[in-house]
Amino acid sequence: MTLLITVFAAVVATIKWYNRKDDSMRLEPLLFMFWGASLMWLVDAIFEYAESKSAFFTPALEDMINDTYLGLSVVALALVIWLVKLLISDPKGSVRAALCRKRA
């Protein structure tokens, strides 16, 4: 499930990046995180299949729930890292304008 969730997130982010109007959202770090996680879990799935053969395709319900939770946690963490990076870089100057407005 981790592989499926991260690949889905990577594909959605890539489509959003490809159809962007401007580059102010800076989606590249998010793409690298999602595709990197997808590649990592693809390699993990290959090695796990090589080790367990047909048992790989019949996971226990508890393992599937744990993998789903891990996949969603990784996607959420990547989104938080990207959002913090976006707020720090502040490409449109929105955060700076809001902070300056409050001080005045």
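The values are calculated or read from the model by the stated rules, or taken from the named source; none is laboratory data. Remember, it's a predicted structure, so these values are computed and weren't measured experimentally. With ideal geometry, Cβ positions are generated from the backbone for all residues, glycine too; neighbour counts draw on all protein chains shown. Areas reflect the complete protein model, heavy atoms only, side chains present, ligands, DNA and RNA absent. Shrake-Rupley method; radii C 1.70, N 1.55, O 1.52, S 1.80 Å.
Checked against the criteria, Asp67 does not count as at positive phi and open to solvent by less than 90 Å² (accessible area, probe 1.4 Å).
Please verify whether Val95 is surrounded by 11 or more Cβ atoms within 10 Å (Cβ to Cβ), on the phi < 0 side of the Ramachandran plot and modelled with pLDDT of 90 or more, treating the condition exactly as stated.
Numbers: surrounded by 11 or more Cβ atoms within 10 Å (Cβ to Cβ): yes; on the phi < 0 side of the Ramachandran plot: yes; modelled with pLDDT of 90 or more: no.
When the stated conditions are applied, Val95 does not pass them.
Which ones in region 5-64 are farther than 18 Å from Leu83 by Cα, in contact with a helix residue (DSSP H, G or I) (Cβ under 6 Å, 6 or more places away or on another chain) and aromatic (Phe, Trp, Tyr)? Passing the criteria: Trp41, Tyr49, Phe56. In this entry, Ser52 passes the filter for residues that are modelled with pLDDT under 95 and at negative phi.
Does region 33-46 contain any residue that is over 16 Å from Leu3 (Cβ atoms) and either surrounded by fewer than 11 Cβ atoms within 10 Å (Cβ to Cβ) or within 21 Å of the chain's Cα centre (by Cα) (or both)? Scanning region 33-46, I find no residue that is over 16 Å from Leu3 (Cβ atoms) and either surrounded by fewer than 11 Cβ atoms within 10 Å (Cβ to Cβ) or within 21 Å of the chain's Cα centre (by Cα) (or both), so the answer is no.
Regarding Glu51, is this residue farther than 17 Å from Met1 by Cα and open to solvent by less than 80 Å² (accessible area, probe 1.4 Å)? So Glu51 does not fit the description; no. Of all the residues in region 4-23, those that are among the small types (Gly, Ala, Ser) and either touching a Leu at 6+ places or on another chain (Cβ under 8 Å) or surrounded by fewer than 13 Cβ atoms within 10 Å (Cβ to Cβ) (or both) number 2. The single condition among (1) open to solvent by less than 50 Å² (accessible area, probe 1.4 Å); (2) more than 30 Å from Gly93 (Cα to Cα) that Val75 does not satisfy is (2). Residues in region 1-23 that are touching a residue at least 24 places away in the same chain (Cβ under 8 Å) and hydrophobic (A, V, I, L, M, F, W, C): Met1, Leu3, Leu4, Ile5, Val7, Ala9, Ala10.
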